[in-house]
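Since the structure comes first, as structure tokens, the remarks are kept for the end.
None of the figures in this text is laboratory data; all of them are computed from the coordinates on show. These numbers come from a predicted model, not from an experiment. Note: ideal-geometry Cβ built from the backbone for every residue, glycine included; neighbour counts use all protein chains shown.
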Amino acid sequence: MKKKNVGTLLLFLILGWLAGAWIAKLLEPVKGLSFLTKSTMLKWSPQADLDIITYDITIELKLCMLSLAGIITAVWLYRRL
């Protein structure tokens, strides 16, 4: 059993997410598949003022069913390595 790299897993996850998002964008004009292409936005905005440093970061993640399918496929492919 060979050791798997966390960096490889992250690469697979990001590529799967991107592939799913691109397929969803291509299928947006098809009305019958709107349940697969409808996106949900997740937003996280941590911020702090610590007297010597202030930060305000916004992270937005856009998810749809096809993106999740891409992520699941990426995990499956990673496990097959």
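Quick look at the values:
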| quantity | calculated |
| --- | --- |
| Any chance residue 34 is in a helix (DSSP H, G or I), of a type in the set (S, T, N, Q) and over 14 Å from the mean Cα position of the chain (by Cα) | yes |
| Residue match in the stretch 64-71 (condition: under 29 Å from residue 3 (Cβ atoms) and either of a type outside the set (Gly, Ala, Ser) or exposed (fewer than 12 other Cβ atoms within 10 Å of the Cβ) (or both)) | yes |
| Cross-chain or 6+ apart pairs with Cβ under 9 Å, the stretch 38-61 first and closer than 30 Å to residue 21 by Cα, then among the basic types (Lys, Arg) | 39/62; 40/62; 41/62; 42/62; 58/43; 59/43; 60/43; 61/43 |
| Members of the stretch 30-63 found to be among the charged types (D, E, K, R) and either out of contact with any Asp or Glu (no Cβ under 8 Å at 6 or more places or on another chain) or surrounded by 12 or more Cβ atoms within 10 Å (Cβ to Cβ) (or both), listed by number | 31, 38, 49, 51, 56, 60, 62 |
| The stretch 1-33: number of residues that are in contact with a helix residue (DSSP H, G or I) (Cβ under 6 Å, 6 or more places away or on another chain) and in contact (Cβ under 8 Å) with a residue 40 or more places away in the chain | 10 |
